Amino acid sequence: MSGSLILVATPIGNLGDFSPRAQEALSQADRILCEDTRRTRILLSAFSIPAKGRLEAFHDHNETERIARILEFLRSGELIALVSDAGTPAISDPGERLVAAAVAEGLRVTTVPGPSALLAALVVSGFSTDRFVMEGFLPRKGAERATRLEHVRKEERTSVFYESPKRLGATLADFVAILGPQRHVCIARELTKLHEELWRGSVEEALAQFSDTEVRGEVVLVVEGATPRDTPEASDAQLMAALEAARLSGLSARDAAREVAELFDVPRRRVYELGVQGSNES
């Protein structure tokens, strides 16, 4: 008889959010997969849940190689719990590939729902919750980052990002440059903790507030959806910058022009001629 993989949400800051059902699931599990065994051991200890011999590290660096072995445990009938360091597993955290593999084999996958930084920040942002998109962490730099942000510039749904406190200033600067200074954002920091902070305003105001401030704790950025005023036709300077980034990523002049034209929804001929003009000037 096959076992079950159960995704267990853990507190994002306040231990009072750890549900009785989550405690029961971790008490009964044959093994507990976790990002950091030390952090999970502390959580279990706080609720007198035995940890000895049941904790196994499962993180971004070993997830792929460990999946086959975990599937064997599930086939043999084990109850395996998966937790992240905080919140709901498999959302910008390890677990997505394991869940997909278990589902593909017809193994039982279930969840104990609970805390989620994504939903916590979204519902207090003041922006539309009818339709939203989870963007996770942005690419660090280059054409991939610029492309993602250009999609966000035109995205009519509310967008949610996770961000490192060390990169918050740089990300807000990119928001100002690409989304425009007046797009509104909610910055949620240290959610559910003693020093929880919810800041709301334009991205221009946010940059002024946080660019020279030492930010601590986990950060969730919620960005309001685009309206027609946010998506004017791209300028020649924007197209040239995107072309340069596409060429630096290894695309030919023709492929770069096609990609940029599709991204900005402008005629390919216009982009190609800009590229030719730029080459002649250099």
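The values are calculated or read from the model by the stated rules, or taken from the named source; none is laboratory data. Because the structure is a prediction, the values reported are computed rather than measured. Cβ atoms come from the backbone with ideal geometry, glycine included; neighbour counts cover every protein chain shown.
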Scan region 49-93 for residues that are more than 18 Å from VAL103 (Cβ to Cβ) and in contact with a helix residue (DSSP H, G or I) (Cβ under 7 Å, 6 or more places away or on another chain) and jot them down.
ILE49, ALA51, LEU55, ALA57, VAL83, ASP85, GLY87
Mind checking whether some residue in region 215-227 is surrounded by fewer than 18 Cβ atoms within 10 Å (Cβ to Cβ) and within 17 Å of PHE127 (Cα to Cα)?
yes
Just the residues that are over 15 Å from GLY87 (Cα atoms) and buried (at least 17 other Cβ atoms within 10 Å of the Cβ), please, taken from region 1-30.
GLY3, SER4, LEU5, ALA25, ALA29
Residues that are touching a strand residue (DSSP E or B) at 6+ places or on another chain (Cβ under 7 Å) and acidic (Asp, Glu), drawn from region 100-137:
GLU135
Filtered residues of region 31-53 (kept if buried (at least 19 other Cβ atoms within 10 Å of the Cβ) and not hydrophobic (A, V, I, L, M, F, W, C)):
GLU35, THR40
Can you find even one residue in region 76-95 that is modelled with pLDDT under 95 and among the β-branched types (Val, Ile, Thr)?
yes
Filter region 150-172 for residues that are of a type in the set (A, V, I, L, M) and part of a helix (DSSP H, G or I); which is farthest from ALA206 (Cα to Cα)?
VAL152
Picking from VAL271, VAL203, the residue that is at negative phi, in the same structural domain as GLY169 (by TED's automatic domain parsing) and surrounded by 18 or more Cβ atoms within 10 Å (Cβ to Cβ) would be VAL203
Of all the strands (runs of 3 or more DSSP E) wholly in region 173-282, which have at least 3 residues that are aliphatic (A, V, I, L, M), over 22 Å from the mean Cα position of the chain (by Cα) and over 18 Å from LEU138 (Cα atoms)?
none
For region 246-263, indicate whether the set of residues that are within 24 Å of PHE132 (Cβ to Cβ) and touching a residue at least 24 places away in the same chain (Cβ under 8 Å) is non-empty.
yes
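Here is a yes/no grid of residues against (1) in a loop (DSSP other than H, G, I, E, B); (2) not assigned by TED's automatic domain parsing to the domain that holds LYS193:
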{"position": "ALA81", "(1), (2)": "no, yes"}
{"position": "ASP85", "(1), (2)": "yes, yes"}
{"position": "PRO94", "(1), (2)": "yes, yes"}
{"position": "VAL99", "(1), (2)": "no, yes"}
{"position": "THR110", "(1), (2)": "no, yes"}
{"position": "ARG148", "(1), (2)": "no, no"}
ILE178 is checked against (1) farther than 30 Å from GLN277 by Cβ; (2) out of contact with any strand residue (DSSP E or B) (no Cβ under 7 Å at 6 or more places or on another chain); (3) β-branched (Val, Ile, Thr) and fails just one. What number does that condition carry?
(1)
If I ask for residues that are surrounded by 15 or more Cβ atoms within 10 Å (Cβ to Cβ) and under 24 Å from THR10 (Cα atoms), which ones from region 173-197 would you list?
CYS186, ILE187, ALA188, ARG189, GLU190, LEU191, THR192, GLU196
Scope region 152-172; condition exposed (fewer than 15 other Cβ atoms within 10 Å of the Cβ) and not charged (D, E, K, R); matching residues
SER164
